[in-house]
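Heads up, the thing below is written out as structure tokens.
What follows is calculated from the coordinates using simple rules that are stated; it is not laboratory data. If you're wondering where the values come from, they're calculated on a predicted model, not measured in any experiment. Glycine also receives a Cβ, built like all others from the backbone with ideal geometry; neighbour counts cover every protein chain displayed.
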């Protein structure tokens, strides 16, 4: 029975001005820095949630093989990555979102796509 509980992915718990919200990893499209807060873009009713954490907190706590800090102000869920825009060095995500990419992130994503072809 312990084996089953170890394989369960814990939800993401984030603090808002009115309390805590819980998300599954697949419900978060991206996060965007907003001063000392972060705006979380979700698949739930195409809504956003303002949380009381810096984006650096999100990066330290939740960056993994699914979430990537792609720019000083953005963290994306790679499951929603749709295109890499070559001329502008941006990523287009499902849902019509476009985010800038840092040079290092651009190289990582570019290498990732070239090795998977």
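Annotation: of all residues in region 75-92 being in contact with a helix residue (DSSP H, G or I) (Cβ under 8 Å, 6 or more places away or on another chain) and touching a residue at least 40 places away in the same chain (Cβ under 8 Å), the one that is farthest from residue 43 (Cα to Cα) is 75. Contact map, region 99-111: first residue free of Cβ contacts under 8 Å to residues at least 60 places away in the same chain and on the phi > 0 side of the Ramachandran plot, second residue surrounded by fewer than 14 Cβ atoms within 10 Å (Cβ to Cβ) and not in a helix (DSSP H, G or I), Cβ cut-off under 8 Å, separation 6 or more or different chains; the map is empty.
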